[in-house]
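Just so it is clear, none of the values below were taken in a lab; they were calculated from the coordinates. What you see is a predicted model, and the numbers here were worked out from it, not measured in a lab. Quick reminder, even Gly has a Cβ in these numbers, built from the backbone with ideal geometry, and neighbours come from all protein chains shown.
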Number of protein chains: 2
Amino acid sequence: MNEFELIRTFFARQPVSRADVAAGIGDDAALLRPPAGQLLAVTSDLLVSGVHFLPDVDPHSLGHKALAVNLSDLAAMGAEPAWFMLNLVLPEADTGWLERFCRGMFDLAQAHNVQLVGGDTSRGPLAIGIEAHGFVPEGAALRRSGARTGDRIYVTGTLGDAALALQHRLGKHRLSEHDFAVLSGRLDRPLPRVREGMALRGLAHSAIDISDGLLADLGHILEMSQVGARIFLDKIPLSPVCRAHVATCGWEAPLAMGDDYELCFTVPPQNVGALEKLRLGSGLRCIGEIEAEPGLRIVDKSGEPYRTALTGHDHFAKSR
Amino acid sequence: MNEFELIRTFFARQPVSRADVAAGIGDDAALLRPPAGQLLAVTSDLLVSGVHFLPDVDPHSLGHKALAVNLSDLAAMGAEPAWFMLNLVLPEADTGWLERFCRGMFDLAQAHNVQLVGGDTSRGPLAIGIEAHGFVPEGAALRRSGARTGDRIYVTGTLGDAALALQHRLGKHRLSEHDFAVLSGRLDRPLPRVREGMALRGLAHSAIDISDGLLADLGHILEMSQVGARIFLDKIPLSPVCRAHVATCGWEAPLAMGDDYELCFTVPPQNVGALEKLRLGSGLRCIGEIEAEPGLRIVDKSGEPYRTALTGHDHFAKSR
């Protein structure tokens with residue numbers, strides 16, 4: 001199977017066909033019609049085997065996740081996803097692998113009505129580059145820099161589950177077979193909070209997705225907004241498995257490990273009523289408040305300061 | 001130097017600042033304002049060390065070329081470049097390497113007024129993902145599928161020079177020191193034919209950039225347009241060095257090897273006069289004509305058919 005047959009077989013057939021795609025796969029560039037009066041939101045990620053995922057990862061999960069992390073970035077801007085590009089470097093044209101990779105990717109694409117519009121394939125060590133495009137009305141985008149003193153800090157879903165599943169897979173922390181089955185989906189097939197992000201337009205002052213851990217990602221909001229915050233450990237939403245884990249092993253998984261792809265966002269008090277009426281499927285939990293004083297203060301369940309050296313993921317940190 | 005310092009030091013400072021960038025580097029996604037009434041052209045490439053470039057490549061050339069190949073794709077659509085995203089996977093935060101990589105990339109970005117608007121960095125085996133965005137008025141885009149019987153086939157610049165420089169560097173073909181000095185710039189710092197591509201709007205029926213070799217890339221136009229062609233070997237534009245090489249070693253370099261990043265395009269006879277008045281810096285040469293009969297016929301200087309098994313680059317071809 002040559003490069004062009006491979007593209008025809010796996011990528012030219014896809015579930016989504018949008019009217020705003022003037023030319024998709026097959027020319028030097030895709031030609032797209034952005035809607036008038038909206039901003040174009042663009043994000044991209046490059047995932048390399050052995051760095052961003054384990055070499056023996058299930059290709060269905062990899063296809064899902066490579067797209068999911070980009071849709072999650074769009075969600076964190078309040079953008080509606082529309083199109084994506086895919087660049088694949090593959091060790092070989094393994095049709096079984098490609099079928100499962102494409103199924104994982106295109107099932108998620110179909111769920112969000114995003115169309116693959118271009119990219120490239122070549123041979124080499126496995127790597128995946130995806131770029132996703134979406135739209136958001138001017139003025140409605142959720143920025144990291146918008147948090148204001150008095151805003152309530154919220155997160156969607158539960159935190160720490162993906163980290164526990166990863167620790168189990170790496171042999172660093174043992175989960176029961178049942179618990180791993182429950183949590184592995186959080187690691188392998190995270191659900192980008194696209195609907196939640198769009199619903200937050202006009203309500204939230206700021207947002208980010210939690211890819212590097214709550215402390216690191218909330219830290220970005222605080223830094224960009226030049227504010228501080230106070231959060232309460234006993235308000236952080238945890239699954240039953242993670243709650244049991246925290247009781248014995250502490251807070252590292254929900255606070256400082258990434259891969260949850262939940263949203264963290266801030267809402268001014270006057271919008272809290274409207275927010276809590278949204279009844280989003282992921283759930284929403286208020287975990288603290290933005291304060292004028294710089295820095296992040298963490299309060300434990302007895303009301304005492306919780307001190308930690310935990311930080312989020314940094315690819316170039318000296319200790320790594 | 002951590003990931004965020006690295007982004008601030010090398011990527012947040014850049015020569016181009018466009019009014020249509022509502023938010024660039026530093027949030028979950030870039031926020032961009034495409035112009036009303038134009039199509040958005042999007043292209044992307046993923047370059048991996050040891051596959052797409054030699055591991056000891058000069059970082060200045062690599063920075064230039066990683067952006068150049070994407071601008072070349074936009075040029076082949078007749079699009080005006082505007083923005084790009086960069087994803088870098090680096091073995092280490094080597095500041096000297098990064099400075100030179102950024103200089104190569106940003107010098108070219110400045111020449112074409114394209115702004116870096118986002119991306120990511122992480123640690124791992126060297127890989128570079130770039131996506132470039134541009135604009136082209138609806139109806140003016142140069143498609144691979146637009147060639148019609150009777151169109152004249154043109155190429156810009158000269159063909160085969162980058163291939164000869166690469167063969168020399170790989171030790172497969174020896175050039176004199178002087179000749180290598182002349183040709184190495186064609187391999188390391190190809191000039192994307194952006195001005196030429198935009199000038200062809202309304203004149204050319206079809207276009208492609210020559211990245212995989214003339215025969216392969218013209219072949220894409222023929223296939224997508226469902227036409228054939230006749231080209232004349234003695235009309236193919238060659239540099240003096242390549243002409244001497246062809247006389248002894250044959251036509252593989254200019255016909256079947258890539259990396260020239262010149263444009264190949266077709267123009268109906270009634271537009272030839274306007275085309276030849278353009279006086280583009282790269283030069284233009286008519287090399288043949290589109291014919292109704294499928295297939296590509298190559299004619300040598302004595303008027304005889306030139307038979308060849310030469311094909312262009314295919315990353316998944318069985319023989320590789």
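Listing for the model above:
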| item | result |
| --- | --- |
| Cα→Cβ-extended label distance, 7 Å offset, between A:R18 and B:E276, nm | 4.5 |
| Ratio of the Cα radius of gyration of segment A:4-110 to 2.2 N^0.38 Å, where N counts its residues | 1.13 |
| Charge dipole of the protein assembly as shown about the Cα centre (unit charges at C-beta), most positive-ward option of A:V182, A:A162, B:A19 | B:A19 |
| Ratio Rg/Rh, restricted to segment A:63-214 and using Cα atoms, in which Rh is the Kirkwood radius | 1.01 |
| Exposure proxy ranking, count of Cβ atoms within 10 Å, fewest first, for A:I287, B:I25 | B:I25, A:I287 |
| Charge context of B:L54, other residues only, Cβ under 14 angstrom, K/R +1, D/E -1 | -1 |
| Hydrodynamic radius (Kirkwood) for segment A:161-296, which is based on Cα pairs only, to one decimal in Å | 15.9 |
| Label-point separation, A:R8 to A:K172 (7 Å along Cα→Cβ), nm | 4.6 |
| Chain A: DSSP helices with Cα axial extent of at least 15 Å and average Kyte-Doolittle hydropathy no lower than -0.5 | A:59-76, A:95-111, A:177-188, A:214-225 |
| Enclosed volume per residue, in Å³, of the convex hull spanned by Cα atoms of the protein assembly as shown | 155 |
| Paramagnetic reach from B:Q110 in segment B:50-69 [backbone N under 15 Å; point 7 Å along Cα→Cβ] | B:64 |
| Size of electric dipole in the protein assembly as shown: Cβ of Lys, Arg +1 and of Asp, Glu -1, about Cα centre, debye, nearest 20 | 540 |
| In segment B:7-106, trypsin sites (Lys or Arg not before Pro) in a DSSP loop with at most 12 other beta-carbon atoms within 10 Å | B:R13 |
| Candidates B:D259, B:D94, B:D56, ranked by Gaussian network fluctuation over chain B, Cα under 10 Å, top entry | B:D56 |
| Whole-number percent relative contact order across chain A, with pairs defined as alpha carbons under 8 Å at least 6 apart | 22 |
| Charge-dipole axis of segment B:67-184 as Lys and Arg at +1 and Asp and Glu at -1 on Cβ define it, positive-most pick from B:F101, B:V117, B:L74 | B:L74 |
| Cβ charges +1 (Lys, Arg) and -1 (Asp, Glu), total dipole of segment A:10-137, debye | 220 |
| Cα gyration tensor, chain A - rounded (a/c under 1.5), prolate or oblate | oblate |
| Chain A - charge dipole about Cα centre, Lys and Arg +1 at Cβ, Asp and Glu -1, debye rounded to 20 | 700 |
